[in-house]
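Let me begin by presenting the structure, written as structure tokens, before commenting on it.
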Amino acid sequence: MGAVRAIRVAAATTVMAAVTVTGTVLSTGVAAASPAGPVQPVDLGALPGITHNSATSINNHGDVVGSGYSSSFDSHGFRWSRGTFTALPDTARAPFLINDAGQIAGELPGRFSSPGFVIRPDGTVIDPGFTPVDQNEHGQVVGTGPVAGGTHAMSWRDGRTVDLGAPTGHTSEAIAVSDNGWVLGEVQRNDHHDDYFARWMHGRWVPLPGPNGRAVDINDRGDVVGWATNPAGNTHAMLWQRDRAIDLGPEDAALSEAVAINNAGQIVGSTFDPVTDAGHVLLWDPSHRTDLGTFGGSFARPIALNDRGDIVVATSTASFRRHHGRTVQLGGSAEPVALNNRGQVVGAVLLPDGSSHAALWN
């Protein structure tokens, strides 16, 4: 699952200690949008003494994780569930993934390296031996860790870490994992002359069919999205499906990209016009492409996509959620980050004093 898709997660309980803050509602406390106005945010709170706080992931039960910081490399993690805000231990400073089984994954930010952690559903904190980038609903965590001569993509599940390796003379890096265990990664050579993106299949890296570009997300069917440069020299959104590379266009776009794909095959991305500096959000269904425009701003970019086709968008003026063709604004000074399959959005809201609190939009 990629960073901008619905993050299907749950939270640990027993290792968390300390602070409890009851969630309150910012502004009017409206729980759902009406034709007259935006969806108002629920203030999930903040860590004591921490200036900037933001949620980073929400599961389908509405459990939330996030982190706060007041200075560089000084992150502190938290969990919010059923109105209670709880600090995570210092061994779990920057959580950004939580699955419906109750597993949390993240990293420990540092100046030169960022080791990772996993909090199992029973509350045990584990060092998987690498920095996680994604996890799935079966508890499989993928990321990249150090080996002699470079780095390798790695996978952890049920207390066991597996080195996914790389061809001789190469390194590898994990990007995403689907719920059925497909791993998307990049294989690199030191001189970068033959770097390529690949799927981990049957114990080996299988390169994506050309053209080679940038791959960012994978779904449960093994479909991969990203972007690549076509023969005309334009960078276009791409879909790698089975043994085919499909240019998603638009044909007249100088620059477009696909950033997420869900299990229904819907793809979200954007196009950018370097002349006008306008960025439009694009939605590809299996049968057609829809230009969703700029949502009233001078530009718009997609933030998240879930399995029912909801999209969260940030623009130059506001943020929005789109569901079945209906668009509502996210109220407050919204900085959305993640979305679950119920359409709940989490992120941060900026407060008048310049600080920020974690927030939820129902």
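Observations
- Among the conditions (1) free of Cβ contacts under 8 Å to residues at least 40 places away in the same chain; (2) buried (at least 20 other Cβ atoms within 10 Å of the Cβ), the only one that Val183 does not satisfy is (1).
- The residue that is surrounded by the fewest Cβ atoms within 10 Å (Cβ to Cβ), among those in the stretch 262-280 that are under 17 Å from the mean Cα position of the chain (by Cα) and not in a loop (DSSP other than H, G, I, E, B), is Ser270.
- Note on the stretch 72-91: residues that are within 13 Å of Leu47 (Cβ to Cβ) and either outside any loop (DSSP other than H, G, I, E, B) or not acidic (Asp, Glu) (or both) total 11.
- Every test in (1) in contact (Cβ under 8 Å) with a residue 24 or more places away in the chain; (2) charged (D, E, K, R); (3) out of contact with any Ser or Thr (no Cβ under 8 Å at 6 or more places or on another chain); (4) not in a loop (DSSP other than H, G, I, E, B) is passed by Asp163 save one, and that test is (1).
- Options Gly181, Gly233: the member that is under 23 Å from the mean Cα position of the chain (by Cα), outside any strand (DSSP E or B) and either of a type in the set (Val, Ile, Thr) or at positive phi (or both): Gly181
- Filter result for the condition that a residue is in a loop (DSSP other than H, G, I, E, B) and among the aromatic types (Phe, Trp, Tyr), over Phe320, Phe295: Phe295
- Restricting attention to the stretch 59-115, the residues that are in contact with a Lys or Arg (Cβ under 9 Å, 6 or more places away or on another chain), touching a residue at least 40 places away in the same chain (Cβ under 8 Å) and among the aromatic types (Phe, Trp, Tyr) total 1.
- No other residue among Trp240, Trp205 is among the hydrophobic types (A, V, I, L, M, F, W, C), under 26 Å from Ala304 (Cβ atoms) and assigned to a strand (DSSP E or B) apart from Trp240.
- Set Arg289, Arg301, Arg242: member being surrounded by fewer than 24 Cβ atoms within 10 Å (Cβ to Cβ), at positive phi and not β-branched (Val, Ile, Thr): Arg242
- Whichever residue in the stretch 106-136 is among the small types (Gly, Ala, Ser) and in contact with an Asp or Glu (Cβ under 8 Å, 6 or more places away or on another chain) and, among such residues, is surrounded by the most Cβ atoms within 10 Å (Cβ to Cβ): Gly116
All of the numbers you see were taken from the coordinates with simple rules; none came from a lab. Remember, predicted model here, so these are calculated numbers, not experimental data. Cβ: placed from backbone, ideal geometry, glycine included. Neighbour counts: every protein chain shown.
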